[in-house]
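The values are calculated or read from the model by the stated rules, or taken from the named source; none is laboratory data. Note that the structure is predicted; figures quoted are calculated from it, not measured. Heads up, the Cβs are rebuilt from the backbone with ideal geometry, glycines too, and the neighbour counts pull from every protein chain shown.
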Amino acid sequence: MVKAIESTGIAVVHICTIVPISQTVGANRIVPAVAIPYPLGDPSKSREEEKVIRRGILEKALEALKTPIREQTVFN
Amino acid sequence: MLRGGVPVDLFPFFYTCLTNNKNLAACLEEAQFVDGPALSVLKRARDLIHSGWELEANPLYGNLKPNQQPYRTLVLKSKKGKTGLLVDHYSLQLIESAIAVYSDCKITRVPGDMPEDIDSDYKYVDFTLMEETLKNCGLLRKSLKRTAGR
Amino acid sequence: MKLELMKVNVKSVGWGDRTEVLKDGTLKVNKKELLAHVTDEENLKSIGAEIALPGESVRITPVKDAIQPRYKIEGCGQVFPGMVSDVESVGEGKTLVLEGAAVVTCGRIVGFQEGIVDMSGKGSEYTPFSKTCNVVLVFEPQEGIEVYAYEKACRLAGLKAAMYLAKCVYESGGTPDKTETYEIPPFTRSMNAFPGLPKVAYLYMLQTQGLLHDTYVYGIDAKRILPTMIHPNETMDGAIVSGNCVSACDKNSTYVHQNNPVIRSLYERHGKDINFVGVIITNENVTLADKRRSSSYAVKIAGMFGVDGLVISEEGFGNPDADLIMNCHKAEKAGIKTVLITDEFAGRDGASQSLADAAPEANAVVTAGNANMIVVLPPMERVIGFTEYVNVIAGGFDGSLKPDGSIEVELQAITGATCELGFNKLGAETW
Amino acid sequence: MTYRIVHYINQFFAGIGGEEKAGVGPESRNGALGPGMAFKAAFGNEAEIVGTVICGDGYFAENMDEAAEKILKMISDLKPDAVIAGPAFNAGRYGTACGAVSEAVSKKLGIPVVTGMYPENPGVDMYRKGIYIVETSDSARGIKDAVPAMAKLIMKSLRGELLGSPADEGYIERGVRVNRFNDRIGAARAVDMLVKKLKGEEFRTEYPMPVFDRVPPAEPIKDMKNAVIALVTSGGIVPKGNPDHIEASSASKYGTYSIAGVQSADEVAYATAHGGYDPTYANTDPNRVLPIDVLREMEKEGEFKKLYDYFFTTVGNGTPVANAKKFGSEIGARLKKDGVDAVILTST
């Protein structure tokens, strides 16, 4: 899915838990997520803390979208 | 706690077996019997993997196509104690790709769709392919016998 | 280590009073003596023997194994060590070969067993054993014996027959038509033998999934080995034997182990484009730990010998694809360039994914063809074996046996059709 | 006998008009029209274009299922022996329409069909597997080469002849594996390949690894402050009640839902349809998978210009690669059309 969208020329950032799978499906900009059942959250934290985590990941995602890359890159 | 007649604490892992093969299940201390096609076994395994179990053996056969062999047996292991939500990525990748292979298959075999004699052979071969693994994991209680030339 | 293969050309086979090769290339076989030699009353109720020649309207099914008759006439040990001979190491000296002949074993180990050899018609284009003059042994099990014992009895009887035929020919004064010499010196010398040429080894994957899917090395079940070095000449003396009954198209019969085309091709280029330094055998077990262990260990051996390149051949499909890819990935990561030989299961329409695993490092792959391709095999005048099982053979499906005797099957049902040792010319391309 | 052929073209080639007329719905006309005249000449007496079915590209793109059904009906009413569509050259929406129509004809009518496209036309990737697409140049200037190639292919199919390789017949690789006998045995080919690889010479694998047909990274966003960003997820977050019944695994469809004015993917309105993980956490707060809340904040703060008004969702779990690819192509085409600059795709 990532590949097919990106083939139209639109930059895609893939936020996902299992980085190797993302690499296999051919995502170019990859941002690791927290965990499978809650990629952009953490139920052990308060809602406000969770939003901070979420914000952090999304800012990283925007950063990835702004970054020129030549090959598959994981933005840790 | 005893598992397979052995105190669990002796080993760092414990194992479970998912199978849709009745004859094989009968040879084990404990098996999770899946009443359905091989694909159901794979999907059950996927659920376990998502809850922290790992595949012990590869989910695909070595020489039988999904459209031939109605039976599938999987051995999974779990670290002692609760592993929480740590998912073994490699196991997940393997099970997903195995599910894709089975789903892609236009012919679906279900247990019992063959003449009894051949059906028993399929059960037997499923057993023989997993025998070594089941033995090593301490799951095997007895061996499945099958005589030649019926 | 130096081995000379003394090849006696066999152009036909017929029954006779004495087992020998006539001047015209006919292998005469004393059927009674042959059967007496291979008899195994404890396990086999009956053994039949028939002849099948290239071009005849004959179908053999279900084929279990094919073996080339060979007999060591000089040097240590004897053919099929650990199986029907002592465990002594082989690969040195002289071995008599009945070139153009094969012992084909036929027996129903399990009901869904495949393995068709047609001596003429469409099917004969795909199997290597339509080109050999075959002595076919048909087995029936003794009542009450177990499947694994029956498989073993069939396996040993075939090997005994092959060795016996070559031995009789030797003892009756058969003279070789040509001699081929194979030699690789000890490592200390071979490593420095051709400065400037890349050092190449062969990573030889053996099917070892379990009963009826096994391979034996010097009599040892290869699922219990760690990957190890073997001299290419040892394979020519039958050090590797097939116990594999399932997936006819890409199981390596003993015949192709004896005549491993990768080893022959590497020898051909040896000293010219490459320095062929040896063979590493490894297994294809079912557990993930075994797969990881074996692939790492095999690549480590290759690294210890400092090879630059590896040819890697697979046996079977499905989970062995994972071994193949691991071997490739780990070797490439270690700086060793690889070429893989596999076959494909791309579905009858060729549109599915061919392999169950993939890696970007696997950028040099030779394919032996799509085993799911459908072929229609015309009826044959004579059938050796049991066709009622064709309906459920591996490549077949309900209704595959037509009323007129023709059968519609996937290539998978044909013995050796997509041999992953690269024995055949069949391949595949993307359309 | 003279074969009956129906031709499918868009509003532009039918002479109805350009982009301003892209919204016209399907219609059927008798005889050949536009590029059909060239086909007519190529067929001579062997085949006749009995009718032309026309649809605006925009109309087709926005009403795909309905349009395809109507067009198929119009085509079958003309009782054709075969269908030709396009050629679409490098026109994306036209290519998609030609591909969709061709696939429907092939699947539902079971008669030969051929279309023509430039290899980079997005319609190629979406439909190459099921149909024959003749390779054309990127613009209508290539019509003189495209017509004879397409005509040749369709006539061959009509005569029941087996089609040869893509190189021989001029169609774009469909990605199917076909067995062929080589001149040399596999082992010899393998050693040959290794020798070349070791020497650093060029070699050609006989089996290209399919998963790794990489897409080159898209250009980065230079001006994030003015960028429109779309949110896509394979984590299966759907409006509560799962109105489109997206499957819990092996999804055969994806959903498109408006989030215009939605400030947060709250647990009242959204839930997950995913069957591959414990859904409790996603159901308690769907923002954990579909982070609308934080994206809205960032939008307000001007980090980027706008969150696209719709999100797309499917279940990534066990979904066949072909489906995922199809979803991606369709989503990509729509986003492209709507001027979206970048996509955030979340997966579990």
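Residues that are part of a helix (DSSP H, G or I) and crowded, with 24+ Cβ neighbours inside 10 Å within segment C:297-315 comprise C:Ala298, C:Val299, C:Ala302, listed in sequence order. Only residues that are in contact (Cβ under 8 Å) with a residue 60 or more places away in the chain and either touching a helix residue (DSSP H, G or I) at 6+ places or on another chain (Cβ under 7 Å) or part of a strand (DSSP E or B) (or both) were counted across segment D:226-248, and they come to 9. Selection of segment D:122-166 for residues being of a type outside the set (Val, Ile, Thr), farther than 19 Å from D:Pro35 by Cα and assigned to a loop (DSSP other than H, G, I, E, B) yields D:Arg128, D:Lys129, D:Gly130, D:Arg159, D:Gly160, D:Glu161, D:Leu162, D:Leu163, D:Gly164, D:Ser165.
Here is a yes/no grid of residues against (1) more than 14 Å from chain C (Cβ to nearest Cβ); (2) in contact with a Cys (Cβ under 9 Å, 6 or more places away or on another chain); (3) without any contact (Cβ under 8 Å) to a residue 40 or more places away in the chain:
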site: D:Tyr127; (1), (2), (3): no, yes, yes
site: D:Asp145; (1), (2), (3): yes, no, yes
site: D:Met155; (1), (2), (3): yes, no, no
site: D:Gly175; (1), (2), (3): no, no, no
site: D:Val195; (1), (2), (3): no, no, yes
site: D:Glu206; (1), (2), (3): no, no, yes
site: D:Pro220; (1), (2), (3): yes, no, yes
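Each residue in segment D:262-277 was checked for being farther than 13 Å from D:Ser249 by Cα and surrounded by fewer than 23 Cβ atoms within 10 Å (Cβ to Cβ), and 8 pass. Selection of segment A:31-40 for residues being in contact with a Phe, Trp or Tyr (Cβ under 7 Å, 6 or more places away or on another chain) and closer than 18 Å to A:Met1 by Cα yields only A:Val31. Is it the case, given these coordinates, that D:Arg180 is touching an Asp or Glu at 6+ places or on another chain (Cβ under 6 Å) and not in a loop (DSSP other than H, G, I, E, B)? So D:Arg180 passes the test.
Of the listed requirements (1) buried (at least 24 other Cβ atoms within 10 Å of the Cβ); (2) polar (S, T, N, Q); (3) in a helix (DSSP H, G or I), C:Asn283 misses just one: (3). Screening segment D:249-348 for helices (runs of 4 or more DSSP H) wholly inside it with 2 or more residues that are under 22 Å from A:Val2 (Cα atoms) and among the aliphatic types (A, V, I, L, M) returns the ranges D:292-300, D:321-337. Of the residues contained in segment B:88-101, one or more are found to be within 12 Å of chain C (Cβ to nearest Cβ), in a loop (DSSP other than H, G, I, E, B) and more than 13 Å from the chain's Cα centre (by Cα). Out of C:Gln142, C:Gln207, C:Gln113, one residue alone is within 14 Å of chain B (Cβ to nearest Cβ), of a type in the set (S, T, N, Q) and closer than 30 Å to C:Gly16 by Cβ. It is C:Gln142.
Inspect all residues belonging to segment C:13-32 and state whether any of them is farther than 22 Å from C:Val138 by Cβ, among the small types (Gly, Ala, Ser), at pLDDT 95 or above and not in a loop (DSSP other than H, G, I, E, B). No, the conditions are met nowhere in segment C:13-32. Restricting C:Lys45, C:Lys28 to those that are closer than 20 Å to C:Gly174 by Cβ and surrounded by fewer than 20 Cβ atoms within 10 Å (Cβ to Cβ) reduces the list to C:Lys28. Among the residues of segment C:346-358, those that are within 24 Å of C:Leu310 (Cα to Cα) and either facing another protein chain (nearest Cβ under 7 Å) or modelled with pLDDT under 85 (or both) comprise C:Ser354, C:Ala356, C:Ala358. Regarding segment B:69-77, can at least one residue be identified that is more than 7 Å from chain C (Cβ to nearest Cβ), touching a Gly at 6+ places or on another chain (Cβ under 9 Å) and more than 18 Å from C:Ile109 (Cα to Cα)? The answer is yes, given that some residue of segment B:69-77 is more than 7 Å from chain C (Cβ to nearest Cβ), touching a Gly at 6+ places or on another chain (Cβ under 9 Å) and more than 18 Å from C:Ile109 (Cα to Cα).
For B:Leu140, state whether it is under 15 Å from the mean Cα position of the chain (by Cα), in contact (Cβ under 8 Å) with a residue 24 or more places away in the chain, facing chain C (nearest Cβ under 8 Å) and buried (at least 18 other Cβ atoms within 10 Å of the Cβ). In short, no. If you take the residues of segment B:15-26 that are away from every other protein chain (no Cβ under 14 Å) and surrounded by fewer than 21 Cβ atoms within 10 Å (Cβ to Cβ), which of them is farthest from B:Tyr102 (Cα to Cα)? Ranking the candidates gives B:Ala26 first. Looking only at residues of segment A:1-36 that are closer than 26 Å to B:Ser51 by Cα and among the polar types (S, T, N, Q), we find that the one that is farthest from the other protein chains (Cβ to nearest Cβ) is A:Gln23. Considering only segment C:92-108, I want to know if a residue exists there that is surrounded by fewer than 24 Cβ atoms within 10 Å (Cβ to Cβ) and hydroxyl-bearing (Ser, Thr, Tyr). Checking segment C:92-108: not a single residue is surrounded by fewer than 24 Cβ atoms within 10 Å (Cβ to Cβ) and hydroxyl-bearing (Ser, Thr, Tyr). Tell me whether segment D:212-226 contains one or more residues that are among the polar types (S, T, N, Q) and within 29 Å of A:Ile15 (Cβ to Cβ). Yes; the residues of segment D:212-226 include at least one that is among the polar types (S, T, N, Q) and within 29 Å of A:Ile15 (Cβ to Cβ).
Residues considered: A:Pro43, A:Pro39. Of these, the only one that is at the interface with chain D (Cβ under 8 Å from one of its Cβ atoms) and free of Cβ contacts under 8 Å to residues at least 24 places away in the same chain is A:Pro43. Checked across segment C:286-296, the condition of being buried (at least 24 other Cβ atoms within 10 Å of the Cβ) and away from chain B (no Cβ under 14 Å) holds for no residue. All conditions but one from (1) modelled with pLDDT of 95 or more; (2) under 31 Å from the mean Cα position of the chain (by Cα); (3) under 26 Å from A:Val34 (Cβ atoms); (4) surrounded by fewer than 21 Cβ atoms within 10 Å (Cβ to Cβ) apply to D:Val232; the one that does not is (4). Is at least one residue of segment C:48-63 at pLDDT below 95 and outside any strand (DSSP E or B)? Checked segment C:48-63: at least one residue is at pLDDT below 95 and outside any strand (DSSP E or B). Of the residues examined, C:Ser313 is one that is closer than 25 Å to C:Arg70 by Cα and under 13 Å from the mean Cα position of the chain (by Cα).
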